[in-house]
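Visitor: This structure is in structure tokens; I'll ask about it shortly.
The values are calculated or read from the model by the stated rules, or taken from the named source; none is laboratory data. These figures come from a predicted structure and were not determined experimentally. Ideal geometry is used to build each Cβ from the backbone, glycine not excepted, and the neighbour counts take in all protein chains shown. Quick note on the areas: whole protein, heavy atoms, side chains included, nothing else; ligands and nucleic acids left out. Shrake-Rupley method; radii C 1.70, N 1.55, O 1.52, S 1.80 Å.
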Amino acid sequence: MEKSILKKAFYNYLKLGKKALREHRFSKAFYYFENAHILGQKHLYRHTVSHIWLLILGVKKQNFKDVLGQLFRIIASVLFTLIWVPVGNTGGSNVSAVKPMPIRKELQKYF
């Protein structure tokens, strides 16, 4: 799979997540930001950006657990992305930050 296709899909999911966030459709925004995370997690900048948007979502929802979890994950993404990432991990604070997960069916074509 060509890297530019993966990058384009990442930014598309990020765009969809931002739109859902503006519309206060938080569950949908979370799902899109998770997909962006899965697609971007092997790239330092995109991985970190996906966690920043998950953090923004946590702030908008006023969910302290999500905010704290994402602050931790932002630091970890900067420190560890180039060394190791748990493939398929959705990036939310509702899952272990180090647990590999199956890649979602709709994203498998990018891998």
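Visitor: Can you spot a residue in the stretch 52-60 that is open to solvent by 50 Å² or more (accessible area, probe 1.4 Å) and on the phi > 0 side of the Ramachandran plot?
Guide: Scanning the stretch 52-60 turns up no residue that is open to solvent by 50 Å² or more (accessible area, probe 1.4 Å) and on the phi > 0 side of the Ramachandran plot.
Visitor: Give the stretch 65-107 a look and list any residue that's over 22 Å from S27 (Cα atoms), open to solvent by 60 Å² or more (accessible area, probe 1.4 Å) and either without any contact (Cβ under 8 Å) to a residue 12 or more places away in the chain or assigned to a helix (DSSP H, G or I) (or both), or say none.
Guide: Once the filter is applied, which keeps residues that are over 22 Å from S27 (Cα atoms), open to solvent by 60 Å² or more (accessible area, probe 1.4 Å) and either without any contact (Cβ under 8 Å) to a residue 12 or more places away in the chain or assigned to a helix (DSSP H, G or I) (or both), the stretch 65-107 yields I75, V78, L79, F80, I83, W84.
Visitor: Kindly indicate whether any position in the stretch 25-36 is of a type outside the set (D, E, K, R) and surrounded by fewer than 12 Cβ atoms within 10 Å (Cβ to Cβ).
Guide: yes
Visitor: Next question. Of (1) touching a residue at least 40 places away in the same chain (Cβ under 8 Å); (2) closer than 21 Å to M101 by Cβ; (3) not polar (S, T, N, Q), I5 satisfies all except one. Which?
Guide: (2)
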